Each structure stands twice: as structure tokens, then as C-alpha cells.
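A.B. asks: Provided herewith is a single structure, encoded as C-alpha cells, for subsequent inquiry.
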Amino acid sequence: MGKKGQVSLEFLFVFAILLILLAYSVKNTTFQQGSQSIETLRVQIALEEKELANTISEAISQVYSQGPGSKTTAYVKLVYLRKPDYLEKVWGVTDPVIFITYGQPLNDGNGTYVMVLNGNKTTEVILTGGNKNAFWTRALYQRDLVRDKDVWDGSSASVDFGTGATTVYGLRLNPSEIPPTIKIVVEWNPDLPNSWAFNSTAGELMININPGG
């Protein structure tokens, strides 16, 4: 084979490799269901849900352990939970909502829930396994607030923990309105009731705990 023919074969080989790499790149970019990228994205979203729940519970535990009048501030950086299209592709939901509440799952104690809701529809809450769409982190403050609508200013969601649809109360956050960094402020003001509020403009989640109120 002449030199010219050898160059042509080498060119075709390199071209074929480039086509394979391009196809893989497009698959990764579009996050096709079942691809490695969609599974990686699922893990990244789950890690952010867990980090948010952990940070809130740790801040509440710190304030509770210090007693009345105490206050603390924590920060959480989010990327993937702020992308509605990512949540739709990973969880198969429409009009995704980040839902945060505080309570007791299966009599294990109290703590912070962070979950992805399917808009205003009833969402099946999965807390274990590879397909879990919700995270719960224990905190020292023992107060079940999921049924207390006054704490959440009436904000609610329809969820199914495996025993049928039920209404729980908590904060509904629009992913596109969540800032890159959430400032979490927790205090124990005995003159104020238990309260949770999220200011999307300021990027602040403000929590007051009151064990006696």
C-alpha cells in the first residue's frame, strides 16, 4: 500500500474516533435517560438535597443546645437544585418544587426534610434506595411541625409516604428563584412562635425555634 493510501486509512480511523467521541458528548449533554450522565446528575442533585437538610438540622441543633437567646448563621451553595430542567429529567416530574419541612418520619425522631415535588400533584416520597427523591436529617430539637400550618403560613404539599396521599405543611421553593447561596439563620427567641420563612430576594431562610411555644 502506497503512502497516500496509508494516510487515507489513518485519516478515516481518526475521523471515526472523533465521531464516536462526538456522539458520546451529545449523549452526555442531553442527559438521556439511562445514560451515565443522568445517573451522575441524580447523584449530584441528591448530594445537594442532603447537604441542605444537614446544614439546616445542624444549625437548629446548635441553637437548641445553646439555649434561649442563641442564634447562628450557616450557608449552603446550590447548583443542581436550582435547575428545573435537571429535576424534570432526573425525577420525571413536571413543574418541580423544592419542599422543606421539619418533623418525624416513622417515629425515628425529628429533623429536616428536603424533597422534590411533582408540582401540585401528589408526590411519592422515597427516603431509601437508589431512587430516593427526599432526604431527612435528624436534629436535636424535638418538635413535629409537618401538621402545623401556622408555622408555614399555610404552605402545603400532597405527599405519599407509602400509606396513601396525605397533606403536610412546609416551604415550597421555586428552583429558578433559589439563589446560588442560601443564607440560613436560626435563632431561639422565646417571645416568638416557631416559624420558618424563605426570602428569595435576599436568599435567606429564617427559622425560629421555641420549645415552649
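The values are calculated or read from the model by the stated rules, or taken from the named source; none is laboratory data. Remember, it's a predicted structure, so these values are computed and weren't measured experimentally. Cβ atoms come from the backbone with ideal geometry, glycine included; neighbour counts cover every protein chain shown. Just so you know, the surface numbers come from the protein's heavy atoms only, side chains and all, with ligands and any DNA or RNA stripped out. Shrake-Rupley method; radii C 1.70, N 1.55, O 1.52, S 1.80 Å.
A.B. asks: List the residues, sorted by chain then number, that are 5 or more residues from V146 or on another chain and whose placed amide H is less than 5 Å from its amide H.
C.D. replies: When sequence neighbours closer than 5 places are left aside, the close amide H contacts are Y102, Q104.
A.B. asks: So, with a 1.4 angstrom probe, what is the percent of accessible area on the stretch 114-206 that is carbon and sulfur?
C.D. replies: The nonpolar share, carbon plus sulfur, comes to 45 percent.
A.B. asks: Among S195, S37, what's the order by accessible area (1.4 angstrom probe), most exposed first?
C.D. replies: S195, S37
A.B. asks: List residues of the stretch 35-69, by number, whose backbone nitrogen lies under 12 Å from a label position 7 Å along Cα→C-beta of S176.
C.D. replies: none
A.B. asks: Whose amide H sits under 5 Å from the amide H of N133, counting only residues 5 or more places off or on another chain, with H placed in the peptide plane?
C.D. replies: It is I126, by chain and number.
A.B. asks: Still on this structure, please answer the following. Give me the accessible area of D191, 1.4 Å probe, in Å² rounded to the nearest 10.
C.D. replies: Accessible surface of D191 is approximately 140 Å².
A.B. asks: Also: Given the pairs K50/K121; K50/K183; K77/K183, which are separated by over 18 angstrom at their Cα positions?
C.D. replies: Exceeds cut-off: K50/K121.
A.B. asks: Can you give me the orientation-averaged projected area of the convex hull built on the Cα atoms of the stretch 38-208, in nm²?
C.D. replies: 9.1
A.B. asks: Right, here's the next one. Given a 1.4 Å probe and heavy atoms of the protein chains only, how would you sort T72, T128, T40, T163, largest accessible area at the top?
C.D. replies: Per-residue accessible area, sorted high to low, gives T163, T128, T40, T72.
A.B. asks: Give me the extension gain from T167 to A197: residue separation times 0.36 nm, minus the current Cα-Cα distance, reported in nm with one decimal.
C.D. replies: Contour length minus the Cα-Cα distance gives 8.9 nm.
A.B. asks: Can you tell which of L192, S176, T101 lies farthest toward the positive end of the dipole of the stretch 101-213, using +1 and -1 charges on the Cβ of basic and acidic side chains (Lys, Arg; Asp, Glu)?
C.D. replies: My answer, from the dipole projection, is S176.
A.B. asks: Would you tally the net charge around M115, using a Cβ to Cβ cut-off of less than 13 Å, leaving M115 out, and scoring K and R as +1, D and E as -1?
C.D. replies: -1
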